[in-house]
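S.K.: This is the structure I have questions about; it appears just below.
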Amino acid sequence: MADFEFDLRAIAARAEKLRAHKTLLVSRCPHCSVANPSMPLAWGPEFTRRADGRMQEPWAIYICSTCGGVVSVRCSGSANEGYSVEQIFPQVPQVAKELPEPAHRYLKQATETLASPDAAAIMAGSAVDAMLKHLKFTEGSVYHRIEQAVDANVLTESMGEWAHSVRLGSNRPRHADSETPHVSAAEAAQSVEFATALGHFLFVLTARVERGIAQAQATAASTNK
């Protein structure tokens, strides 16, 4: 009887430790981008086992109440000490700080409105438009300016081909036609993906290369002293 009572107390203590983790607190769902989503705990936290038999860290599974998307969480701690969130998969999308304004703001809004595909497509197109204008490509449509950037060797031909396969122009959601009045969720996701890749290609990689060169030069200078 004493052992049974101890087991009940242990179970109650563990439940109390997990109570704070019954809902995952994130700013946005990494799948549908809804703000402050309700993400109840579906499984865990539980320690998993490696192929060699050793115990791995505790993991937990949460489900977005809006889109049904699954989020896995790598935790630290234990049932007795309590658990802390270490990593979330997939991660909530972040817009690179290297992007110039207003492209950064437009792309952030695009990633945050994926649950509304028309809005996401418009903002992704606006982000691409702003990136091209920042590089002094200002005349003509977005697609025409992308071709100009390809001709100027600012973009690769494959980037230009990719641009023509995604919905960057916002004419359709603004001036809906009778057959396809709205952008689909898949089309919006492709637009945001292209805008994100374009930003990395034009600004993020360049900034990181410049930082790497500066660090290498600083290291060389300090070594030669």
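Taken together, the values in this text are just the output of simple stated rules run on the coordinates, not laboratory data. All of these numbers come straight from a predicted model, not from anything done at the bench. We place every Cβ from the backbone using ideal geometry, glycine too, and count neighbours over all the protein chains shown.
S.K.: Can you put Phe89, Phe194 in order, fewest other beta carbons within 10 Å first?
M.R.: Least to most surrounded, the residues fall as Phe89, Phe194.
S.K.: Using the beta-carbon distance between Phe201 and Ala42 and R0 = 45 Å, what value does 1/(1 + (r/R0)^6) give for FRET efficiency, to the nearest 0.05?
M.R.: 0.75
S.K.: Here's a follow-up. So how do 42-48, 205-211, 23-29 stack up, highest first, on mean other-Cβ count within 10 Å?
M.R.: Ranked by mean Cβ neighbours within 10 Å, highest first: 23-29, 42-48, 205-211.
S.K.: May I ask you to sort Asp118, Asp52, Asp151 by Cβ crowding, counting other Cβ atoms within 10 Å and putting the fewest first?
M.R.: Going from sparsest to densest Cβ surroundings: Asp52, Asp151, Asp118.
S.K.: From the Cα gyration tensor of region 79-225, with a ≥ b ≥ c the square roots of its eigenvalues, which class applies: rounded if a/c is under 1.5, or else prolate if a/b is larger than b/c, or else oblate?
M.R.: oblate
S.K.: Sorting Met159, Met55, Met123 on the 10 Å Cβ count, fewest up front, what's the list?
M.R.: Ascending Cβ contact count within 10 Å gives the list Met55, Met159, Met123.
S.K.: Work out the FRET efficiency for Thr138 and His164 from their Cβ-Cβ distance, taking R0 = 22 Å, and round it to the nearest 0.05.
M.R.: The calculated FRET efficiency here is 0.65.
S.K.: Under the rule a/c < 1.5 gives rounded, and otherwise a/b versus b/c splits prolate from oblate, where does region 59-105 land using the Cα gyration tensor?
M.R.: oblate
S.K.: Compute the FRET efficiency between Arg54 and Ser27 as 1/(1 + (r/R0)^6), taking r as their Cβ-Cβ distance and R0 = 35 Å, and round to the nearest 0.05.
M.R.: The value I calculate is 0.55.
S.K.: Let me ask something else. Of the GluC sites (Glu not before Pro) in region 52-112, which ones lie in a loop per DSSP and count no more than 13 other C-beta atoms within 10 Å?
M.R.: Loop-located and lightly packed - Glu81.
S.K.: Taking a label point 7 Å from the Cα of Gln215 along the Cα→Cβ vector, which residues of region 91-114 have an amide N closer than 19 Å to it?
M.R.: 96-99
S.K.: Tell me the trypsin sites (Lys or Arg not before Pro) within region 69-144 that lie in a loop according to DSSP and have at most 15 other beta-carbon atoms within 10 Å.
M.R.: In loop regions of region 69-144 (DSSP not H, G, I, E or B), the sparsely surrounded trypsin sites (Lys or Arg not before Pro) are Lys97, Lys136.
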